[in-house]
Amino acid sequence: MSQPASAVTSTIEERNRTFRRIALRILPFATIVYVIAWIDRVNVGFAKLTMLNDLGWNEAIYGAGAGIFFLGYFLFEVPSNLLLQKIGAPKTIMRIALGWGIVSVLMAFCTQPWHFYTLRFLQGAFEAGLHPGLILYLTFWLPAHRRSQAIAVFMSASPIALLVGSPLAAYIMTGTKGLLGAHDWQWLFLIEGFPSIILGIVAVFVMTATPAVAKWLSPAEKAHVAYELDAEAATQGGRQHKFGAALRTPTVWVLILTLFCIITGNATLSFYGPSLVTAAGIKDITAVGWIMSGIFLFGWGGMMLNGWLSGRRRDSRWHTACAAGLGALGLILAAVAQQAGSSVGVILALALSAAGTMGSIPVFWSLPPRFMSGTALAAGLALINSIANLAGYFAPQFLGAVKDATGVYSIGLYVIAAVEFVAVALVLLFIRKEPAPTEAVPITDASPAL
């Protein structure tokens, strides 16, 4: 494929400036949307601290409701990503944010388990496509050697949401208890649901679908993007372009199982983190909020550091495997500390697990585009995410059932750690090493600039 003359004659410094400008334009809003989505997804973990007692529910009901979110995810993610490819990211993100925001507000009016199950399912259905959609969106703008770092930036929204959302949820619940006759958990859902609705309205005005239609890019800058994307495509031989062919590729199923194992650990931290800290002896909700904030600060640090190292070393395979192994080790240490009655040990172990587990996820998402492109990539990203996120359905139910049966969380934590270690083995045994970069995209000694 012939390249635009302006791109061929450009320097790496000029292209770096272009991609920095792109990153500053598209990443902040994507990150904000993902932050709010995560706050609305996992605030149920804090609501649980008083909601179960107020409604007379047990751990099994909570685990089922927390997990059924991911059934909605599973059913609607692939259609959502295929629709994004047709109508663009701005309209897709608008639809997603409006839907999950409205459902989040309605969560405040749950009185029966079936209300809880229905709304959690709908929340997952509406949010389906956000995560793979944003990753697909980045493939329109950034080549792989720049994308790992960008994915780490926007996916850092999940620990940021938990870092900020944990104390925020605690203060909302302690500050609104009994206000206007409503429960504290009801105010939590009401207050944290409305920002999503606002973001949905704003999305269609602030997002740009592709570089080709970006009025804020010059022709030369558009040529820079086209050059690097075309150069990357030239090095990626053997990628599947049709979705059916991708489904018949064993590597795609290895990727699905790998992410499933990682999400098993991540869902445990997200939905049971506050309960694990409370079980360790910390009873004050505000204190639990700040402790969880500190734990997820480590998760954010793990994401940013691992994403940076992966981009600098141009390696996603080892950085995914090692981080997932660290996450699994943290869960084992948390179980040991809980059995020993050490609250400090539990907290430090959960911080280690958050750094590893969350640090592995953005780097993992640099792997699928090595094996798929075009329609196969659009549908494949959604398929991988939707099936793998079923771990979010099973993990909370499993941990809740084990806690009801044994009275402790430690047994469940050992099992979940073992599952996460499977991810390490899958990546190292079945994912091939990255191809050597060509001269088409110059390499510098420095970490690639966004």
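The values are calculated or read from the model by the stated rules, or taken from the named source; none is laboratory data. Worth saying up front: this structure is predicted, and the values here are computed from it rather than measured. Here the Cβ positions follow ideal geometry from the backbone for every residue, glycine too, while neighbour counts run over all protein chains shown.
Structural remarks
- You will find that of Tyr117, Tyr137, the residue that is farther than 30 Å from Arg312 by Cβ and of a type in the set (Ser, Thr, Tyr) is Tyr117 and no other.
- Condition met for Thr18 (more than 24 Å from the chain's Cα centre (by Cα), buried (at least 19 other Cβ atoms within 10 Å of the Cβ), of a type outside the set (Phe, Trp, Tyr) and part of a helix (DSSP H, G or I)): yes
- Check on Ala246, modelled with pLDDT under 85, assigned to a helix (DSSP H, G or I) and crowded, with 23+ Cβ neighbours inside 10 Å: yes
- Residues of region 197-215 that are surrounded by fewer than 20 Cβ atoms within 10 Å (Cβ to Cβ), in contact with a Lys or Arg (Cβ under 8 Å, 6 or more places away or on another chain) and outside any loop (DSSP other than H, G, I, E, B): Val204, Ala212.
- Residue within region 356-371 that is farther than 24 Å from Leu162 by Cα and within 16 Å of the chain's Cα centre (by Cα) present: yes
- Within the set Ser386, Ser360, Ser366, the sole residue that is polar (S, T, N, Q) and modelled with pLDDT of 85 or more turns out to be Ser360.
- Among the candidates Ala340, Ala323, Ala334, the residue that is among the small types (Gly, Ala, Ser) and in contact with a Gly (Cβ under 7 Å, 6 or more places away or on another chain) is uniquely Ala323.
Here's the yes/no breakdown for (1) among the basic types (Lys, Arg); (2) within 22 Å of the chain's Cα centre (by Cα); (3) farther than 22 Å from Ala66 by Cα; (4) surrounded by fewer than 20 Cβ atoms within 10 Å (Cβ to Cβ):
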{"residue": "Arg120", "(1), (2), (3), (4)": "yes, yes, no, no"}
{"residue": "Gly129", "(1), (2), (3), (4)": "no, yes, no, no"}
{"residue": "Phe189", "(1), (2), (3), (4)": "no, yes, no, no"}
{"residue": "Pro195", "(1), (2), (3), (4)": "no, yes, no, yes"}
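- Boolean, Ile151 is more than 16 Å from Ala203 (Cα to Cα), surrounded by 22 or more Cβ atoms within 10 Å (Cβ to Cβ) and under 17 Å from the mean Cα position of the chain (by Cα): yes
- Restricted to helices (runs of 4 or more DSSP H) entirely inside region 61-155, no element has at least 3 residues that are of a type in the set (Lys, Arg) and at pLDDT below 85.
- In region 322-415, counting only helices (runs of 4 or more DSSP H) that sit wholly within it, the ones holding 1 or more residues that are under 22 Å from Gly311 (Cα atoms) span 343-364, 374-388.
This table checks each residue for (1) free of Cβ contacts under 8 Å to residues at least 40 places away in the same chain; (2) under 22 Å from Ile61 (Cα atoms); (3) in contact with a Gly (Cβ under 6 Å, 6 or more places away or on another chain).
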| site | (1), (2), (3) |
| --- | --- |
| Ile102 | no, no, no |
| Val105 | no, yes, yes |
| Ala108 | no, yes, no |
| Ala125 | no, yes, yes |
| Pro132 | no, no, no |
| Tyr137 | no, no, no |
| Arg146 | no, no, no |
